[in-house]
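Inspection log for the structure reproduced underneath, given as structure tokens.
The values are calculated or read from the model by the stated rules, or taken from the named source; none is laboratory data. Predicted, not measured: the structure shown is a model, and the values here were computed from it. Note that we place each Cβ from the backbone using ideal geometry, even for glycine, and neighbour counts take in every protein chain shown.
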Amino acid sequence: MKKLFLIGFKDVKLIFRDRAALTFMLLAPFLLTLGMGFVTGQLGGGSSSGISQIQVLVVNQDDGQLGEALVEVLQSEDLSDLLLSTLVTDPETARTQVDADQAAAAVIIPTGFTDSVIPADGQIPSGDAAQIEVYKNPTTPVSAGVVLAIVEEFISRVETGRVGGEVIVTQLLAAGLITPEQINMIAMELGQRQANLVEEDPAIRLDSAESGQEAQDFNPMAYMAPGLALMFLMFTVSNGGRSILAERALGTLPRLFISPTNSAQVLIGKIFGVYITGVAQMLILILASSLIFGIQWGDPLGVLLLILFAVFGATGWGMLITALARTPGQVSNIGTAIMLTFGILGGSFFPISAMPDWFTWISKITPNAWGLDGFSILALGGSLFDLSAPIIGLLAMGIILFVVSMLFFRRHSLVQK
Amino acid sequence: MERNPGCGNALTLIYTSLEEESMPPILEVKELVKKYGDFTAVKGISFDIQEGEIFSLLGPNGAGKTTTISMLSTLYVPTAGEATIGGHSVTKEPMAVRKVIGVVPQDLALYEDLTARENLVFWGQMYGLSGKDLNTRIDEVLEQIGLTDRAKERVKAYSGGMKRRVNIGVGLLHKPRLLFMDEPTVGIDPQSRRSILDSVKDLNKQGMTVLYTTHYMEEAQELSDRVGIIDHGELIALGTQAELTRQVGENETLILHIGEDEDSEALAKSLKGIPGVLQATATLANHQGQVDHEVSVIAREAEEILAPVVTKANERGIKIHSVDISEPNLEAVFLHLTGRALRD
């Protein structure tokens, strides 16, 4: 076990002495984040409050409590720095203005939205809630993505309340505690409570009630920085995999195999080195971006946990590339291609939420997408407990890739001939 | 080129006084074979090494020396045969074998971005050394390889010879009973080569057993208690130097250095008719990157045949640049057994 750590830490020492690798691991993502900060106006004289005053057009055709609640969320004091919401009466006018680049998105609340969730006649709802439309401006994907995220969170909370209400009414009816005539009254009361809950607890809370933190702006740098850090994490893991084959060519790997160290210890030690290097890279980038760009990453424990799992998933990819390649050069070439592909697929350059559903599905093969999901959750005030989906996704990805890699490693023995 | 009839593939067994000693050998190799698909790199070689001995495997490049060392050091699994080191089977007890042996690989196997000391620390830890024992041992090894003053420099800043010395130092750290040295002097300057050869002799004086592979006849002659000559994966001769050179009797070797445009094959053929000439072979010798065209002639008395040899060369219009006469040596043995020069 001790040798495993010795091999891993030796590799970390070597990588941190390699100037070319350090340039790619740390300097490149940092400079790109800096550049994108300037481009988006977050740095160099732009607004000091991140992406702010996103122009949103709100069309409320619903005359119920929930439509009103969503309007209030979008116009709330909490989001006033982030969103500049304007009420519009006609959906077509709103879409035209978005097409004319006069707004980042239009939120169109359809007629009967509240009734589809809380039936006015006291009947059990059919289950088909009316659809809220977010009409996005493709030229402002980050801003449109922010609006979409806010509306999605609102819908999620409403949906939770609706399903809960259905269950309560059905159970009360079945138990004979209420009569069919009382359904209307109970449903109205539950609906009112749900609307009040949504208003009291806005969908996107920039001041987390749970943590008691003060309100913070959503800074898109908090999206760009992890996106680029995750993209260059793929470089680190493929470079680490390359070092396994490079050591074979240099003769140090065979020398390790003829020392009193078993093969599994050697291989796991090498993988451990790649993993620790990736974790160190992410920690350095996150710390640097916090100090220099003022990015608020969110719950520190959540950030740490997410890093550990994101690097695990990414290392799995690094090992698969290494197991499939024959030479260090092949690992570098495949690794670079995958780094860029995953960067695009995983949302390092633009939010996946602005893309079609099929794209979102494909993006799930990348640690970038899962990692970015997690970092966005944390940046928007989420806690450790909100990270279950990304963490499970990254864990499953890592396990599957490691198992497959080991099968290939066994087939293409590294040294034993 | 064809093998010398009568000597070709047959292993010449010569019993030595060392083999008659009662101590069990530290290394025993029996019918070891290594195949890669249809190609057989090592063809059933057998030999043993006694504790305290320097044993050289002498043979040209591609003879099977490194493959043999790789099997004995547990890196490659033999296709057939068996070997035991310190009583442990290389196939069944590889971990026990690894504790007994030290290996100095032919190619440098070091981390060039680490210092010499950091390399020694890492490799020492891989052999289970730690703490004070490790530091003491590293100081001793650095002293031994003459790099104490430059131990804190990164290996990549070292000369080729210094890197070779660190490469050797790594193999010595855990004080192995048996040290494998695979062509440790390839590609280095004469001074470093001298230093390495002296180190091998010193280590042996301190009680370390050494298996040394080389294609330099001079190194095998200088270092070895016994020599195994290996060619095309077969051990074609085995014994002390005296026993091996006895095979070519009292014969001497005459080496004619000729121009690269000359027809050395034709000259060698014509020389075979001269009375007193036992064998004549055209060879290409690589002297530190420069290829020399030579004709090696084995004769009972080199001086007696010198005049007719020169005459034959003149008749063919071949200009002889220089002539060397050597006493019976391992080069002559190899030539005698294979019909080829060791340096081919």
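Of all residues in region B:24-43, those that are surrounded by fewer than 16 Cβ atoms within 10 Å (Cβ to Cβ) and free of Cβ contacts under 8 Å to residues at least 40 places away in the same chain total 4. A single member of A:LEU267, A:LEU308, A:LEU320, A:LEU345 is farther than 30 Å from A:VAL151 by Cβ and within 19 Å of the chain's Cα centre (by Cα), and it is A:LEU308. One residue stands out in region B:128-144 among those that are within 21 Å of B:MET162 (Cα to Cα) and crowded, with 18+ Cβ neighbours inside 10 Å: the one that is farthest from the other protein chains (Cβ to nearest Cβ), namely B:LEU142. If you filter region A:256-292 down to residues that are among the small types (Gly, Ala, Ser), surrounded by 21 or more Cβ atoms within 10 Å (Cβ to Cβ) and within 14 Å of chain B (Cβ to nearest Cβ), you find that the one that is farthest from B:GLN125 (Cα to Cα) is A:GLY273.
Between A:ARG17, A:ARG95, the distinction of being surrounded by fewer than 20 Cβ atoms within 10 Å (Cβ to Cβ), at pLDDT 80 or above and closer than 30 Å to A:VAL266 by Cα belongs to A:ARG17 only. Is it the case that region A:24-45 has a residue that's over 26 Å from the mean Cα position of the chain (by Cα) and either modelled with pLDDT of 80 or more or within 14 Å of another protein chain (Cβ to nearest Cβ) (or both)? No - not one qualifying residue is present in region A:24-45. Evaluation of B:THR91 against the conditions (1) within 13 Å of chain A (Cβ to nearest Cβ); (2) of a type in the set (S, T, N, Q); (3) surrounded by 24 or more Cβ atoms within 10 Å (Cβ to Cβ) shows that the sole unmet condition is (3).
Among the residues of region B:239-249, just one is in contact with a Lys or Arg (Cβ under 7 Å, 6 or more places away or on another chain) and either buried (at least 20 other Cβ atoms within 10 Å of the Cβ) or under 30 Å from B:ILE318 (Cβ atoms) (or both), namely B:GLY239. Among the numbered conditions (1) more than 13 Å from the chain's Cα centre (by Cα); (2) hydrophobic (A, V, I, L, M, F, W, C); (3) over 23 Å from A:THR322 (Cβ atoms), the only one that A:ALA337 does not meet is (3). The single residue among B:LEU129, B:LEU134 that is over 30 Å from B:HIS215 (Cα atoms) and assigned to a helix (DSSP H, G or I) turns out to be B:LEU134.
Of the listed requirements (1) touching a strand residue (DSSP E or B) at 6+ places or on another chain (Cβ under 7 Å); (2) basic (Lys, Arg); (3) closer than 26 Å to A:SER263 by Cα, B:LYS99 misses just one: (1). The set of residues in region A:333-378 that are of a type in the set (Phe, Trp, Tyr) and not in a loop (DSSP other than H, G, I, E, B) comprises A:PHE342, A:TRP358, A:PHE359, A:TRP361, A:TRP370, A:PHE375.
Here A:GLY313 qualifies as at pLDDT 85 or above, under 18 Å from the mean Cα position of the chain (by Cα) and not hydrophobic (A, V, I, L, M, F, W, C). Restricting attention to region B:47-74, the residues being surrounded by fewer than 17 Cβ atoms within 10 Å (Cβ to Cβ) and either closer than 21 Å to A:ARG255 by Cα or small (Gly, Ala, Ser) (or both) number 1. Taking the criterion of being touching a Pro at 6+ places or on another chain (Cβ under 9 Å) and either within 12 Å of another protein chain (Cβ to nearest Cβ) or on the phi > 0 side of the Ramachandran plot (or both), the only residue of region B:78-87 that qualifies is B:GLY87. Report yes if B:ARG177 is more than 23 Å from A:ARG17 (Cα to Cα), modelled with pLDDT under 90 and either out of contact with any His (no Cβ under 9 Å at 6 or more places or on another chain) or away from chain A (no Cβ under 14 Å) (or both), otherwise no. No: the conditions fail for B:ARG177.
For (1) without any contact (Cβ under 8 Å) to a residue 60 or more places away in the chain; (2) more than 27 Å from B:LEU27 (Cβ to Cβ); (3) surrounded by fewer than 20 Cβ atoms within 10 Å (Cβ to Cβ); (4) touching a Gly at 6+ places or on another chain (Cβ under 9 Å), each residue gets a yes or a no:
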position	(1), (2), (3), (4)
B:ASP113	yes, yes, yes, no
B:ALA116	yes, yes, no, yes
B:MET126	yes, no, no, no
B:GLY146	yes, yes, yes, no
B:LYS152	yes, yes, yes, no
B:LYS156	yes, yes, yes, no
B:ARG165	yes, no, no, yes
B:HIS174	no, no, no, yes
B:LEU179	no, no, no, yes
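Test B:VAL103 against the stated conditions and say whether it is of a type in the set (A, V, I, L, M), buried (at least 20 other Cβ atoms within 10 Å of the Cβ), in a helix (DSSP H, G or I) and at negative phi. So B:VAL103 fails the test. Across region A:333-371, the qualifying residues are those that are among the hydroxyl-bearing types (Ser, Thr, Tyr) and closer than 19 Å to A:ILE392 by Cα, and the one among them that is surrounded by the fewest Cβ atoms within 10 Å (Cβ to Cβ) is A:THR360.
To keep it simple, each residue is scored yes or no on (1) within 14 Å of chain A (Cβ to nearest Cβ); (2) of a type in the set (A, V, I, L, M).
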| site | (1), (2) |
| --- | --- |
| B:ASP107 | yes, no |
| B:TYR111 | yes, no |
| B:LEU114 | yes, yes |
| B:ARG117 | yes, no |
| B:ARG150 | no, no |
| B:TYR158 | no, no |
| B:MET208 | no, yes |
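Among the residues here, A:ILE295 does not qualify as more than 14 Å from chain B (Cβ to nearest Cβ) and in a helix (DSSP H, G or I).
Counting the residues of region B:218-243 that are farther than 16 Å from B:ILE49 by Cα and assigned to a strand (DSSP E or B) gives 3. Do we have B:LEU108 as more than 20 Å from the chain's Cα centre (by Cα) and either small (Gly, Ala, Ser) or under 20 Å from A:GLU247 (Cβ atoms) (or both) here? For B:LEU108, the condition - more than 20 Å from the chain's Cα centre (by Cα) and either small (Gly, Ala, Ser) or under 20 Å from A:GLU247 (Cβ atoms) (or both) - is not met.
Apart from one condition, B:GLU183 fits all of (1) surrounded by fewer than 21 Cβ atoms within 10 Å (Cβ to Cβ); (2) at pLDDT 90 or above; (3) among the acidic types (Asp, Glu); the exception is (1).
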